[in-house]
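**Q** Got a structure for you, written out below as structure tokens; questions coming shortly.
The values are calculated or read from the model by the stated rules, or taken from the named source; none is laboratory data. Predicted model only: the values in this text are computed from it and were never measured. So basically every Cβ, Gly included, is an ideal-geometry build from the backbone, and we count neighbours across all protein chains shown.
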Amino acid sequence: MVLENQDNRNLWEKIGDFFSANSIWMKWYCTGCGAIELPPTMTSRFDMERLGMGPMATPRQADVLLITGYLSSKTLRRVIYSYEQMQDPKYIVAFGSCTINGGIYYDSYATINQLDKYIPVDLYIAGCMPRPEGIMNAFADLITMIKKGQANGWRHYQENYEWYKQNQLDSLKEVIIHDEFHE
Amino acid sequence: MNNPVLLIVIPLLLAFLSVIIKKAGKWLLLVGLLFNTALAFFITTGETIIGGFAPPYGINLVVDQFTLVGVILINTLMLITIVVSFDLVGKYSIVLLTALAGINGMLLTGDLFNLFVFMEITVIAAYILSAQAKKYHHTITYLVIGSVGSVLYLLGIILLYNLTGSLNMADVAAKLPLLTTKELLVPVLLIFIGIGVEVKLMPVSGWVKGVYSNANRLIAPLFASVIAGTALFVFGKLFVSVLPVSDTLTLLMLIMSVMTFVFGEFAAFNQKRVKNILLYSSIGQAGLVTALFISGLVYAAVILLISNVISKLIMFTIAGAFTEKYETDDYESLNGVFVHNKFTGIAFTIAALSMAGIPLLIGFYAKLNILIGFFQAQNYVLPAIILLMAIVEGAYIIKLLLALWAPGKEGQVSEKSFAVEKKQLLSVKNTIICLIVALVIIAGGVLIDITEKVVTDGQPLLGDQSPSFTISQSKGGE
Amino acid sequence: MTVMNFVYGFIVLLAAFIFQTALTGVNRKVTARIQKRYGPRWYQQFLDIFKALRKGSITHGWVFDFGVIMALGGIMATVIFIPVAGFEAFPNMDNVFVISYLLAVGMLGMAMSAAGSGNPWASIGVSRALTNMVAYDVPLMIVIFTLIFAFDTASVSEIAAMQQGMGVLGWNAVRMPLGGIVAFIALFGMLGKKPFDSFIAPAEIASGPMVEYGGKHLGFMFILHELMTFIEVSLILSLFFGGGSSILVYAIKYAILYTLVNIISQVMPRFKIDQAVKFFYRVPLVFAIIQGLVVIFLGWGVSVWF
Amino acid sequence: MTLITVLITLLTLAAVTYLLSLVNSKLGAYFTIVTSLATIVMLFLIKDSIGQSYSLSFFTFKLTTVGWYFSMVMVTVYFTTAFLNPFWIKKMIYPAAYNLFFLVSLIGTIGMFFARDFITLFICWETVVWTSTFIIQMGKSRKSSYVYYVVSAIGSMVTLFAMMLVYQVSGTLEISTAFSALSGQPVLALIVFFTFILAGLSKIGIFPFHVWLPMAHGSAPHTFSPVLSGGLVKMGAFIAYLSVTAFAAYEVFANTFTIMGIPAPLYIIMVLGAISIVVGTVMAIRQDDAKKLLAYSSVANGGYILIGILLYDQIAFAGGMLHLISHALASATAFITIAIVAYRTGTTKMSELGGMIHRMPVTYTVYLIAIISMAGIPPMGGFVSKWLILQGLADRGLLFLAAAAFFGSIGSFMYVFRPLSAVFLGQLAPKYEKIKEANIMMQIPMYLLTIATLLVGVFPNVVLRVIADIQLEAGIQEIVLVGNTIVVSNGVLDALRVFIVFGYGFLIALVIFILRRKSRRVTLMDTYTSAEFIHTPELLHYSSNFYAPFERLTKKPYPVLNLYEKVSIKIKEIGHMAESLFSSSKPAITIFWIIIVFAIFFLGGVL
């Protein structure tokens, strides 16, 4: 998957992206150890509100989904479900090496190794775990990407929906599960 | 031909005849009743001397407007009762004829001792009739209490005779003002209790429950409307025109009557069986009627009496039919019984609503007269009690009606399928008769000026001076 | 009623929105400073709203949309009726009951739309919001009732005008101190500030009524919230703190009042909703009734400051 | 056309309806619509002859503006509700009787409103009571019918006492003149006032007589609940009206102890009204059954009407009278919509319903408008009347009444929203997937009532002019109406302008909404669930214990309901005592009583 570099946005989209870049609301999925790095990022030490970012309660309201660590197949379902409930434009930032290659869980039968096979990740933050400085840096990058119109993961997801679905089904059998605990 | 004596003699004669011709008994009874009813409409007011001795030494029959109303009403009611339950008369025709004679005698006689005689005739007939239910225990109770009552009454008139030297009602009434309260205390009290047993005043009405609640379609209305009505008429006659007594005694009698009224209504509120409700309501209403008589509101009392006996006739007949067809008269087991017997139900409902004092029925007219009468007499406590009791009365009547009309448990919509099994309560003939009687209730309440004219014929009853409600009043005297 | 009235109305609407949104942004910065943070840009609130309007959105049926429109429409109509420093877009329409009940249209619309989303959190949030309203509104209305009785008018601008010319001593909050306290506390409830913010508790019921909103619906909700804040603060300002003789004075007083509320609320914990009801019916209600009795029977605070 | 002709025509039509119903009950039900429509037409025809008197047998009538107004309110409710009759008539156990009683109760109310003398008033009153009693029993509960009758009977019997007392004092039964005899006798006047107004209190459902409303409204046939709440309850308001006009309570009690310029007896009744506002509101919030909830809201609104009418001044009186019609319309509408929901789903329990808007949008919209009016939110009828009442209260400085009024009006947001949310909004249960919208015939009354509610809200002066006539007739200052504006001493209201500005705001919002990108339609179950997969719509529907925190606060046992039961039990106990003491089957006990009676009489007679 290659990030599109040519800028073919019209004026309205550019204005829109300006607003999107300067007001990013997050919904984070506290799956691993990475979530613990977010409170200091938000509070007075690093203060991410400077960038116009803030936490939101539900995926409907949020712009960016933070995946803060490894994902088991059980949680992947929820991540996909939450992601699909978000509104366009929407972005995903993945934390730590677990989301890139499985990290220390690379050979676990229950976790997935490569997140962007299932949902489009706009930005990875390397490290195990990334420090708040790293996170802040990543957010600044994300803002730049949005401004430039390069954070197009959600478009990719729409365009390659079958491919993503196939990957999801291969790994999970079904995304939205129906069993006696959920009926 | 329109000699009131015939009202007594003909039934007696027919009673003797029916001893001879046993098979014709039923028909003789019908003949006697028809004759009496017809004659009742033709007799005129006046005095009839029997035996040739002029009163106060001889016996006389006095027909005034009050008696006339009583005679017409009671004979008609008895005719209706017998016609409705003609199939149940059977071997009781002689007793019924005798009772008819006794009742007419009670109403007509102008002599205190003669009243005792006729009362005994009636009551003994009633003992026999009460035995029809085969609950002899209750009959014996009735017999003992009734006899005690009669004896007390007899003692009373003996004492009165001792004091006044007369047994003629008019004569006694004339001599009464010469006596002191203390002298009158014992005889009046004895007479009051003696009559009270028949009138069903509360502490001495122990027999009523046993007898009424087991009586059938024939006997129950006979007791509740015919005999009870007669007793009340006699009570009115005695305590309004013959023994108008002093304040203390009046007060005590009033308290007893009102107590009967209140307790009767309360007890009726507590009942589950239709007949029990009706019998306690009868007791209560009897208490109210006596209270009215004692207070001197004769017209109101008579209207209430009329409305009550007519209602009770219909209701006891139908209550009797309940026991006959469903072998119970517990209203909860008769849930929705009127679904299958709408016309019977309508007659029952009209009678019941009249009892509860719903407007445009005669019961309401009675209530209005009572209230106007009491207020005119500056009496505010009794109307308050009467109206409070009207709430209680309305409550148990509406509960009864709801149970009988609307089947289904609480929380379910009424449906026909919830009702008790379908059985015809009354034959077509009887239903029509009940409906006609119910129409009388409506007519009496709507055409109140005619009602007043029929009842009073323009003269005050027993010298009653209390006001009555007329159409012109509502128009503000236009 | 001419076209100009509608134009004025629109101007009021726009001014109110811009002013309050900017003020909200400033207050976010104030909040941040209280928390020893740098805080967002002062125009961050504008960015947030326009971003939300820009985003895509979902709908759960026509009532989900209709409720939002009705809510914003009702609130906008209310804003138009608010007298600002004596200026009214529609003269003689600033009846306090009209304003406080027209405000309810907005709330009803929002509640309806939220419940229409079919999300139980939204319904819980609405049920809490309505309960909260019953808590703060009764004491407040009693105080307002006292004002109407005292000044014999229900016009907000007239009540505001009557307080002017005497400096601070003319303010109703000073003339009727208990009533002022009640109004000030009720303002927290009206604005949904801590400690009375349990109906939007984000971590507890996922922001309550707002749970399903995203995109333009959420943008509408933000605009609605700014305008509602404007109405509520203006109402309290005009009724209890003397309004303003000129737009500038009005704006300054407004900003101070709002910021004060914000600062206080930042150091508050959160009441459970039944605790909020209990609190409002124990303290402010009693204060309001005492104030009412004092004004009605003793006449203190009506004509003169004693 | 005279009133007598009208009444006789109506009675004839009622009889015709009954006979038709015997042949075909549905036809008879359609005829109830025709008859009630005929009533409206005839009422308009007789409007010119206001002021004339008529008499028939012992009924006497006088055409008054107030009677006409009340009758119009009543007939409107009857007429619109009658549209539902054809659909329910098959479910009634006694269809013909239902149709008959439906119309007879209408005729009874009209007769009552035009009554010139007490007897006519009482007869018509009782006619309505027992016809409605028999209709209520066709519904779910016999007990409710019983309670309804008993509470009504308490009212009517006590009032009969007052009427007869007045008759005794004044010697006339004519309502307008009879009370004048009381002016010199304060104690008597006090007794008459409290006893006379009791019927009104019991009918309008004022605390502590409100117990019948939730029971009767909740379990009456669905087609009769709108009439009960929208119509029959207003009969009580008429009695309240009589107690301030014919009885002239303000003049009679002018010399008694006054509270804020209101004579103490009137103030006591108003406080009862205020209590019923609070009780009605609190209890309505706690209900799970939609009809019971609306019934309790009727209790609360009855309090407003009572306070308004009893204040008997320029502002609040007009408000009370206007609230009469706005609540009648709103309440009838709300009950009709709930009835239709019950017709389609078979239940009125809110916890069993949900998401009806997706199947019945028209019903939903109609209910929405009804509750906007009921909660007193502009631009509907309920707002103008509440505004007038509140302005009137503020003018007089009646703090405690106002506190109750505020609580009731804000609390009403809570209780009116609950059915909206629990019945119409939220998740649609799969078992209701197949249900349909109300059919055209059922929609007609909803449209009519909604338009009426809106008209009263936007052009209240049309109604207020009639009310001004009533005020003129009653001899108090008329409400000042300038064009479309209501002018009172402490405020002005132009409802049309409020409506237009609201429309303006709505338009702006709509334009912004349309200009933005179109939303994507998602299913109801596609909702935020904290990323949990839930497939059972019922579990995602929040409807039971809706106001759990508030309910916790008001959990204390509710004593008044038990009061009647306790009295009833006491009566039964006394009855049982009397029975066991005096009705023994043992003769000896009777003899014992004879001796006791003797003893008492001797003591009494000798002493």
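**Q** Please verify whether residue D:141 is within 16 Å of the chain's Cα centre (by Cα) and either acidic (Asp, Glu) or crowded, with 23+ Cβ neighbours inside 10 Å (or both), treating the condition exactly as stated.
**A** So residue D:141 does not fit the description; no.
**Q** Could you run through the range D:359-402 and say how many residues are farther than 21 Å from residue D:298 by Cβ and outside any helix (DSSP H, G or I)?
**A** Number of matching residues: 6.
**Q** Out of D:482, D:462, I need the residue that is closer than 30 Å to residue D:176 by Cα, loosely packed, with under 14 Cβ neighbours inside 10 Å and without any contact (Cβ under 8 Å) to a residue 24 or more places away in the chain. Which one?
**A** D:462
**Q** Restricting attention to the range A:62-80, and to residues there that are within 14 Å of chain C (Cβ to nearest Cβ) and not in a strand (DSSP E or B), which single residue is nearest to residue A:155 (Cα to Cα)?
**A** The qualifying residue nearest to residue A:155 (Cα to Cα) is A:63.
**Q** Which one is surrounded by the most Cβ atoms within 10 Å (Cβ to Cβ), of the residues in the range D:146-167 that are touching a residue at least 60 places away in the same chain (Cβ under 8 Å) and of a type outside the set (Gly, Ala, Ser)?
**A** So, considering only residues that are touching a residue at least 60 places away in the same chain (Cβ under 8 Å) and of a type outside the set (Gly, Ala, Ser), the one surrounded by the most Cβ atoms within 10 Å (Cβ to Cβ) is D:148.
**Q** Let me spell it out: the conditions are (1) without any contact (Cβ under 8 Å) to a residue 40 or more places away in the chain; (2) part of a helix (DSSP H, G or I); (3) touching a Phe, Trp or Tyr at 6+ places or on another chain (Cβ under 7 Å); (4) buried (at least 17 other Cβ atoms within 10 Å of the Cβ), and residue A:59 meets all of them except one. Which number is the exception?
**A** Only one criterion in (1) without any contact (Cβ under 8 Å) to a residue 40 or more places away in the chain; (2) part of a helix (DSSP H, G or I); (3) touching a Phe, Trp or Tyr at 6+ places or on another chain (Cβ under 7 Å); (4) buried (at least 17 other Cβ atoms within 10 Å of the Cβ) is unmet by residue A:59, namely (2).
**Q** Would you say residue A:87 is within 30 Å of residue D:518 (Cα to Cα) and touching a Lys or Arg at 6+ places or on another chain (Cβ under 6 Å)?
**A** Yes; evaluated as a whole, the condition is true for this residue.
**Q** Can you tell me which residue among D:371, D:377, D:410, D:338 is within 10 Å of chain C (Cβ to nearest Cβ) and within 19 Å of the chain's Cα centre (by Cα)?
**A** Result: D:371 is the single residue among D:371, D:377, D:410, D:338 that is within 10 Å of chain C (Cβ to nearest Cβ) and within 19 Å of the chain's Cα centre (by Cα).
**Q** Can I ask one more? Of everything in the range D:432-450, what is without any contact (Cβ under 8 Å) to a residue 60 or more places away in the chain and part of a helix (DSSP H, G or I)? Give them in sequence order.
**A** D:440
**Q** If you check residue D:134 against the conditions, is it away from chain B (no Cβ under 14 Å) and at pLDDT 85 or above?
**A** The answer is no for residue D:134.
**Q** Let me ask something else. What about residue C:59, is it closer than 23 Å to residue C:217 by Cα and more than 7 Å from every other protein chain (Cβ to nearest Cβ)?
**A** Judged against the criteria, residue C:59 is not a match.
**Q** Scan the range D:48-94 for residues that are surrounded by 22 or more Cβ atoms within 10 Å (Cβ to Cβ), within 14 Å of chain B (Cβ to nearest Cβ) and touching a Leu at 6+ places or on another chain (Cβ under 8 Å) and report the count.
**A** 1
**Q** Now for a separate question. If you go through the range C:219-273 one residue at a time, how many are in contact (Cβ under 8 Å) with a residue 12 or more places away in the chain, surrounded by fewer than 23 Cβ atoms within 10 Å (Cβ to Cβ) and over 17 Å from the mean Cα position of the chain (by Cα)?
**A** Count: 12.
**Q** Kindly evaluate residue D:564 against the criterion of being under 42 Å from the mean Cα position of the chain (by Cα) and within 8 Å of another protein chain (Cβ to nearest Cβ).
**A** No; evaluated as a whole, the condition is false for this residue.
**Q** I'm checking my understanding of the structure. Among residues of the range C:82-105 that are small (Gly, Ala, Ser) and more than 9 Å from every other protein chain (Cβ to nearest Cβ), which one is farthest from residue C:186 (Cα to Cα)?
**A** Applying the filter and picking the extreme gives C:86.
**Q** Within the range B:141-149, is even one residue of a type in the set (Gly, Ala, Ser), surrounded by 18 or more Cβ atoms within 10 Å (Cβ to Cβ) and farther than 14 Å from residue D:590 by Cβ?
**A** The answer is no, given that none of the residues of the range B:141-149 is of a type in the set (Gly, Ala, Ser), surrounded by 18 or more Cβ atoms within 10 Å (Cβ to Cβ) and farther than 14 Å from residue D:590 by Cβ.
**Q** Between residues in the range D:168-179 that are free of Cβ contacts under 8 Å to residues at least 24 places away in the same chain and more than 9 Å from chain B (Cβ to nearest Cβ) and residues that are surrounded by fewer than 21 Cβ atoms within 10 Å (Cβ to Cβ) and hydrophobic (A, V, I, L, M, F, W, C), which pairs lie under 6 Å by C-beta distance while being six or more apart or on different chains?
**A** D:170/D:181
**Q** Same structure, new question: Which condition number in (1) on the phi < 0 side of the Ramachandran plot; (2) over 18 Å from the mean Cα position of the chain (by Cα) is the one that residue B:134 fails?
**A** Unmet condition: (1).
**Q** So, one more: Does the range D:547-555 contain at least one residue that is at pLDDT 80 or above, assigned to a loop (DSSP other than H, G, I, E, B) and more than 7 Å from every other protein chain (Cβ to nearest Cβ)?
**A** Taking every residue of the range D:547-555 in turn, none turns out to be at pLDDT 80 or above, assigned to a loop (DSSP other than H, G, I, E, B) and more than 7 Å from every other protein chain (Cβ to nearest Cβ).
**Q** Of all residues in the range B:303-338 being in contact with an Asp or Glu (Cβ under 9 Å, 6 or more places away or on another chain) and either β-branched (Val, Ile, Thr) or at pLDDT 90 or above (or both), which is surrounded by the fewest Cβ atoms within 10 Å (Cβ to Cβ)?
**A** By that ranking, first place goes to B:323.
**Q** Does residue D:238 satisfy the condition of being at pLDDT 85 or above, under 28 Å from residue D:347 (Cα atoms), among the hydrophobic types (A, V, I, L, M, F, W, C) and under 13 Å from the mean Cα position of the chain (by Cα)?
**A** Considered against the rule, which asks whether it is at pLDDT 85 or above, under 28 Å from residue D:347 (Cα atoms), among the hydrophobic types (A, V, I, L, M, F, W, C) and under 13 Å from the mean Cα position of the chain (by Cα), residue D:238 comes out as no.
**Q** Identify, by number, the condition in (1) touching a helix residue (DSSP H, G or I) at 6+ places or on another chain (Cβ under 8 Å); (2) facing chain C (nearest Cβ under 9 Å); (3) under 30 Å from residue C:80 (Cβ atoms) that residue D:460 doesn't meet.
**A** Going through the list (1) touching a helix residue (DSSP H, G or I) at 6+ places or on another chain (Cβ under 8 Å); (2) facing chain C (nearest Cβ under 9 Å); (3) under 30 Å from residue C:80 (Cβ atoms), residue D:460 breaks only (2).
**Q** Condition first: part of a strand (DSSP E or B) and more than 7 Å from chain C (Cβ to nearest Cβ). Now tell me which residues in the range D:486-519 satisfy that.
**A** The answer is D:486, D:487, D:488.
Here's the yes/no breakdown for (1) in a helix (DSSP H, G or I); (2) touching a Pro at 6+ places or on another chain (Cβ under 7 Å); (3) more than 14 Å from chain C (Cβ to nearest Cβ); (4) among the aliphatic types (A, V, I, L, M):
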site: D:534; (1), (2), (3), (4): no, no, no, yes
site: D:543; (1), (2), (3), (4): no, no, no, no
site: D:568; (1), (2), (3), (4): yes, no, yes, no
site: D:595; (1), (2), (3), (4): yes, no, yes, yes
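**Q** Taking the conditions exactly as written (part of a helix (DSSP H, G or I) and either within 14 Å of chain C (Cβ to nearest Cβ) or surrounded by 15 or more Cβ atoms within 10 Å (Cβ to Cβ) (or both)), does residue D:428 satisfy them or not?
**A** no
**Q** For residue D:418, are the conditions met, namely being among the basic types (Lys, Arg), more than 7 Å from chain C (Cβ to nearest Cβ), touching an Asp or Glu at 6+ places or on another chain (Cβ under 8 Å) and over 15 Å from residue C:140 (Cα atoms)?
**A** No; evaluated as a whole, the condition is false for this residue.
**Q** Among the helices (runs of 4 or more DSSP H) confined wholly to the range A:131-180, which include 3 or more residues that are within 14 Å of another protein chain (Cβ to nearest Cβ) and within 18 Å of the chain's Cα centre (by Cα)?
**A** It comes to A:132-148, A:153-159.
**Q** What is the number of the single condition among (1) over 26 Å from residue D:138 (Cα atoms); (2) within 9 Å of chain D (Cβ to nearest Cβ); (3) of a type outside the set (Ser, Thr, Tyr) that residue B:398 does not meet?
**A** Of the numbered conditions (1) over 26 Å from residue D:138 (Cα atoms); (2) within 9 Å of chain D (Cβ to nearest Cβ); (3) of a type outside the set (Ser, Thr, Tyr), the odd one out for residue B:398 is (1).
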